[in-house]
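Have a look at the structure below before the remarks.
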Amino acid sequence: MRYLRELLLLVFICLSSSFVLADRVDINTANADVLAAELHGIGAKKAAEIVKYREVNGSFKSIEELIKVKGIGDTILNKNRERIVIGGMDEET
């Protein structure tokens with residue numbers, strides 16, 4: 001019985017962590033629709049600005065670089081800090 005209880009707990013923990021990870025957004029690869037849907041305070045217009053900034057300037061090097069995007073400030077950045085990951089960086093530096 002104890003084995004079954006530990007197994008169920010392990011399954012629960014694994015499923016819980018996958019849901020948390022599923023909500024993370026890679027700002028270097030996500031399209032505007034995903035950005036708007038997954039990030040708090042980001043609608044279609046700000047999502048398009050993020051993609052535009054990325055196309056002009058290349059991949060984001062840090063989460064804080066989002067502040068350089070028109071319409072993104074500290075408040076929006078802090079609301080989404082735990083949801084954002086940096087990946088898919090360009091090879092060029």
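The values are calculated or read from the model by the stated rules, or taken from the named source; none is laboratory data. None of the values given here were measured: they were computed from a predicted structure. FYI the Cβ positions are ideal-geometry reconstructions off the backbone, even for glycines, and counts take in every protein chain you see.
On inspection, Gly43 passes the criterion of being modelled with pLDDT of 95 or more, of a type in the set (Gly, Ala, Ser) and surrounded by 10 or more Cβ atoms within 10 Å (Cβ to Cβ). Within region 25-49, the set of residues being of a type in the set (Val, Ile, Thr) and under 15 Å from Arg81 (Cβ atoms) comprises Val25, Ile27, Ile42. Being at pLDDT below 75 and of a type in the set (Asp, Glu) holds for only one residue in Glu92, Glu55, and it is Glu92.
Report the residue count in region 59-72 for those that are surrounded by 14 or more Cβ atoms within 10 Å (Cβ to Cβ), of a type outside the set (Phe, Trp, Tyr) and under 18 Å from Gly87 (Cβ atoms). Residues meeting the conditions: 5.
The number of residues in region 10-37 being charged (D, E, K, R), over 18 Å from Lys68 (Cα atoms) and modelled with pLDDT of 95 or more comes to 1. Scan region 25-40 for residues that are without any contact (Cβ under 8 Å) to a residue 40 or more places away in the chain, part of a loop (DSSP other than H, G, I, E, B) and surrounded by 15 or more Cβ atoms within 10 Å (Cβ to Cβ) and jot them down. Within region 25-40, Ala30 is the sole residue that qualifies.
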